[in-house]
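The values are calculated or read from the model by the stated rules, or taken from the named source; none is laboratory data. This structure is a prediction, so every number in the text was calculated from the model and none was measured. Cβ placement follows ideal geometry from the backbone for every residue including glycine, while neighbour counts extend to all protein chains displayed.
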């Protein structure tokens, strides 16, 4: 990962996907959570190229299981965030049919994560898949913050 001047400036991180209802919302929640435990000045955003207009209830539920409340977050478009000012852009589009937008930034990384909102099945199967996606995103956000802090 690119080295950032984390002492003198705030780093703006954007998590971008298609609907901004699940993956990027989960990533935003974890990033805001982990930022509180670092000395890094971080501002965190999420947005979608085609916002769903809501945060998926199962995303809220699985994050509550990890004691993180994303119920007050909302589905946003790229125009709703300062995307031209982002230092780090993480795209989370997984399916080939999805199109992650190009966002100009100093550093871009792609996390190929399937969209749990598109999974069908029983309630138990759907929640299990949301948990799997949540855990994968949590690990990647932890790795991101570890790389930013140099640990």
Let me spell it out: the conditions are (1) modelled with pLDDT of 95 or more; (2) under 12 Å from the mean Cα position of the chain (by Cα); (3) over 14 Å from residue 90 (Cα atoms), and residue 30 meets all of them except one. Which number is the exception?
(3)
Has the range 79-98 got any residue that is modelled with pLDDT of 90 or more, surrounded by fewer than 17 Cβ atoms within 10 Å (Cβ to Cβ) and part of a loop (DSSP other than H, G, I, E, B)?
yes
Against the definition (in contact (Cβ under 8 Å) with a residue 24 or more places away in the chain, assigned to a loop (DSSP other than H, G, I, E, B), buried (at least 24 other Cβ atoms within 10 Å of the Cβ) and in contact with a strand residue (DSSP E or B) (Cβ under 9 Å, 6 or more places away or on another chain)), how does residue 50 come out, yes or no?
no
Residue 132 fails exactly one of (1) modelled with pLDDT of 95 or more; (2) within 13 Å of the chain's Cα centre (by Cα); (3) surrounded by fewer than 17 Cβ atoms within 10 Å (Cβ to Cβ), namely (2)
